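The values are calculated or read from the model by the stated rules, or taken from the named source; none is laboratory data. Not measured: the values here are computed from a predicted model. Counting neighbours? That spans all protein chains shown, and the Cβs are built from the backbone with ideal geometry, glycine included.
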Amino acid sequence: MRKGSNVGKVIVVTSGKGGVGKTTATANIGAGLASQGHSVVLIDTDIGLRNLDLVLGLENRIVFDLVDVVEGKCRSFRQALIKDKRFDNLSILASAQSREKDAVKPEQMKKLCTELKDAFDFILLDCPAGIEMGFKNAIAGADEAIVVTNPEVSAVRDADRIVGLLEAAEINSIRLILNRVKPGLIKRGQMLSVSDVQDILNIELLGQVPEDERIVHSSNKGEPAILDARSKAGMAYRNIVARIVDPATPMVDPQTSIWSKLRRVLTTDLGAQVG
Amino acid sequence: MNSLLLKVPIFHRLFGPKEDSRNAARERLKTALVGDRQTVAPQLMNCLQKEIEECTSRYLRADKEHSVYKIVDKDGKMTLKVEIPILHINRQRDLPQEALKEEKSEESVELRLHGTKLRKRRVKKKSNPESEE
């Protein structure tokens, strides 16, 4: 089942602020890694607010959930895993919808992650928003962290707090995904740029994902954008996946299409004439 | 006429005044984060204070009880404010060796030049205050 010979990697996808794109990031990175032949399991740790299954189109197939696994209601975690329709080597462990956040304890998560490491190459944990119990559970068994944020003051501030907490929890590899980047706004000086955010947070940049309407379209259908050849965000996620597998992969600038280049040239010229 | 034209979104976007909020966001965030990081890790200031005290003690005896270590907002920039009342400054024999070495780096030369310039100007002012500028 596993591709690599070493034990798997547990990566927590977190953000502090809600709605920045954690679940979308988890789904896309997971699907991307699986498409490259790695065995991947995605765990939705947001107890009470189950979402990952829906984004991946697997909502109708849940029998057991995360709480059932830690409470021993099913024989092993394998019984609770839901296999993806598109990739054999991608499964998810859904979160419990009708339970409280404290239904799982950090030690239980740690134990589960250790078990999963022997069976999978990558274990991705979709972390709930906030810094309470759900967050503590999600990071308990993690080796690495991916912090997702948007170029907005509130999201960046929360990300900074999260980085502090991850550092305190001795998670040493913390990388950043800047999501919903709008190059046009940055150019007009109305949005924090990628380098601004990187400068403020002072952590390694894993990748930047441009704002893309097709993401909504993908979630609507329950298909990750990474499989959509026309999606700009999908392209960015393919690069992010390549960089997770091999950190030496160069980062691509999402604004390299002919149209965006042309638009840039046109608008700058007009601006210069007026100024 | 001009202002009427600017009411049309496309014209406003192309010819209207450039609104810049990026720098405001950057500066406000930086300021907020200094506060955040400090409240989250209060030991940061204690540790910084200890190291500064250790350093100054090689040159002088400070009035530790009345020393002030604060991060303050100065013209929108977060600034580390340190005020250390001095009880007494060490004699030459108690200074670290490096402090007594004559430095010949470019920096010190520049400082000296600057010093002489200042002095000259002051002399001028004294001798002929009305002819200046």
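All of A:I240, A:I203 fail the test of being among the aliphatic types (A, V, I, L, M), crowded, with 18+ Cβ neighbours inside 10 Å and farther than 22 Å from A:D121 by Cα, apart from A:I203.
For the stretch B:1-11, which residues satisfy the criterion of being loosely packed, with under 14 Cβ neighbours inside 10 Å and assigned to a helix (DSSP H, G or I)? Break it down stepwise before answering.
Applying the first criterion (loosely packed, with under 14 Cβ neighbours inside 10 Å) to the stretch B:1-11 yields B:1-5, B:7-11.
B:N2, B:S3, B:L4, B:L5, B:P9, B:I10, B:F11 - these are the residues of the stretch B:1-11 that are loosely packed, with under 14 Cβ neighbours inside 10 Å and assigned to a helix (DSSP H, G or I).
Return the residues of the stretch A:221-243 that are in contact (Cβ under 8 Å) with a residue 12 or more places away in the chain and in a loop (DSSP other than H, G, I, E, B); say none if nothing qualifies. The answer is A:G222, A:E223, A:P224, A:D228, A:R230, A:S231. Looking only at residues in the stretch A:161-179 that are surrounded by fewer than 21 Cβ atoms within 10 Å (Cβ to Cβ) and touching a residue at least 60 places away in the same chain (Cβ under 8 Å), the one that is farthest from the other protein chains (Cβ to nearest Cβ) is A:I171. Here B:D36 fits the description: charged (D, E, K, R) and within 14 Å of chain A (Cβ to nearest Cβ). Taking the stretch A:72-94 as the range and being under 18 Å from A:V104 (Cα atoms) and in contact with a Gly (Cβ under 9 Å, 6 or more places away or on another chain) as the test, only A:I92 passes.
Checked against (1) touching a Leu at 6+ places or on another chain (Cβ under 8 Å); (2) at pLDDT 85 or above, B:R28 passes all but a single condition, namely (1).
The number of residues in the stretch A:104-160 that are part of a loop (DSSP other than H, G, I, E, B) and more than 14 Å from chain B (Cβ to nearest Cβ) comes to 14. Here A:G189 meets each of (1) within 14 Å of chain B (Cβ to nearest Cβ); (2) assigned to a helix (DSSP H, G or I) with one exception, condition (2). The single condition among (1) surrounded by 18 or more Cβ atoms within 10 Å (Cβ to Cβ); (2) among the charged types (D, E, K, R); (3) in contact with a strand residue (DSSP E or B) (Cβ under 9 Å, 6 or more places away or on another chain); (4) over 20 Å from A:E144 (Cβ atoms) that A:D68 does not meet is (3). The residues of the stretch B:65-94 that are more than 25 Å from B:R28 (Cβ to Cβ) and either in a strand (DSSP E or B) or within 22 Å of the chain's Cα centre (by Cα) (or both), listed by number, are B:H66, B:S67, B:V68, B:E83, B:I84, B:P85, B:I86, B:L87, B:H88, B:I89. Every listed requirement among (1) in contact with a strand residue (DSSP E or B) (Cβ under 9 Å, 6 or more places away or on another chain); (2) facing chain A (nearest Cβ under 7 Å); (3) polar (S, T, N, Q) is met by B:Q49 save one, (2). Considering only residues of the stretch B:95-104 that are modelled with pLDDT under 80 and in a loop (DSSP other than H, G, I, E, B), which is nearest to B:C55 (Cα to Cα)? Among them, the one singled out is B:K101.
For the residues B:L14, B:L44, B:L29, B:L80, the requirement of being surrounded by 11 or more Cβ atoms within 10 Å (Cβ to Cβ), in contact with a Phe, Trp or Tyr (Cβ under 9 Å, 6 or more places away or on another chain) and either more than 20 Å from A:Q190 (Cα to Cα) or within 14 Å of chain A (Cβ to nearest Cβ) (or both) singles out B:L80.
Against the criterion of being in contact (Cβ under 8 Å) with a residue 12 or more places away in the chain, among the hydroxyl-bearing types (S, T, Y) and either over 27 Å from A:D84 (Cα atoms) or away from every other protein chain (no Cβ under 14 Å) (or both), A:S218 qualifies.
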